[in-house]
Amino acid sequence: MDGRIQGPIQEYLKNSYNVKYVDTITEPGPCKIIAENTDINAINSILRRVNISVKVHKSNLIAISGHYDCAGNPCEAEVQKGQIKQSIEYFKNLYSNTEIIGLWVDKNWKVNSL
């Protein structure tokens, strides 16, 4: 996740889901990595960190996010939103007891639920 969007997303999650703490797992273009499912090293790195959040920190929500000017995934908004939705399905298969949501940060830095 781009450092610029961490603040708005953390605030959104705290306000919308009444969470006290937010584990942040950053990676350039994470929804692309998960959706394409070709870079096994990057996927394993993401999964190691998500596992710590879910299993050790007892997180009960995973938010997969993207934003309008992502340098790690420079594509049209609709493509990236589709990748976020694919990533949600991927994580639902791994963490069936965890709520998984998609978030899109637009050019005005407004967080939108997908």
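The values are calculated or read from the model by the stated rules, or taken from the named source; none is laboratory data. If you're wondering where the values come from, they're calculated on a predicted model, not measured in any experiment. Heads up, the Cβs are rebuilt from the backbone with ideal geometry, glycines too, and the neighbour counts pull from every protein chain shown.
Residues in the stretch 23-68 that are in contact (Cβ under 8 Å) with a residue 24 or more places away in the chain and either assigned to a loop (DSSP other than H, G, I, E, B) or at positive phi (or both): Asp23, Ile25, Thr26, Glu27, Pro28, Gly29, Asn37, His57, Ser59, Asn60, Tyr68.
Results for (1) out of contact with any strand residue (DSSP E or B) (no Cβ under 6 Å at 6 or more places or on another chain); (2) small (Gly, Ala, Ser); (3) surrounded by 14 or more Cβ atoms within 10 Å (Cβ to Cβ); (4) closer than 22 Å to Lys14 by Cβ, shown as yes or no for each residue.
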{"residue": "Val50", "(1), (2), (3), (4)": "yes, no, yes, yes"}
{"residue": "Leu61", "(1), (2), (3), (4)": "no, no, yes, yes"}
{"residue": "Gln86", "(1), (2), (3), (4)": "yes, no, yes, no"}
{"residue": "Glu89", "(1), (2), (3), (4)": "yes, no, no, no"}
{"residue": "Leu94", "(1), (2), (3), (4)": "yes, no, no, no"}
{"residue": "Trp109", "(1), (2), (3), (4)": "yes, no, no, yes"}
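State which residue is surrounded by the most Cβ atoms within 10 Å (Cβ to Cβ) when the search covers only the stretch 12-24 and only residues that are of a type in the set (S, T, N, Q) and farther than 19 Å from Arg49 by Cα. Filtering first and then ranking leaves Ser16. When Phe91 is tested against (1) hydrophobic (A, V, I, L, M, F, W, C); (2) in a helix (DSSP H, G or I); (3) within 21 Å of Gly29 (Cβ to Cβ); (4) out of contact with any helix residue (DSSP H, G or I) (no Cβ under 8 Å at 6 or more places or on another chain), exactly one condition is not met: (4).
Residues that are exposed (fewer than 15 other Cβ atoms within 10 Å of the Cβ), in contact with a helix residue (DSSP H, G or I) (Cβ under 8 Å, 6 or more places away or on another chain) and of a type in the set (Lys, Arg) do not occur anywhere in the stretch 25-35. For the stretch 65-87, residues that are within 14 Å of the chain's Cα centre (by Cα) and either at pLDDT 95 or above or more than 20 Å from Val105 (Cβ to Cβ) (or both) total 8.
Would you mind stating whether Asp39 is among the acidic types (Asp, Glu) and either buried (at least 19 other Cβ atoms within 10 Å of the Cβ) or over 23 Å from Pro8 (Cα atoms) (or both)? Before you say what the answer is, go through the steps one by one.
Values: among the acidic types (Asp, Glu): yes; either buried (at least 19 other Cβ atoms within 10 Å of the Cβ) or over 23 Å from Pro8 (Cα atoms) (or both): yes.
Taking the combined requirement at face value, the residue satisfies it.
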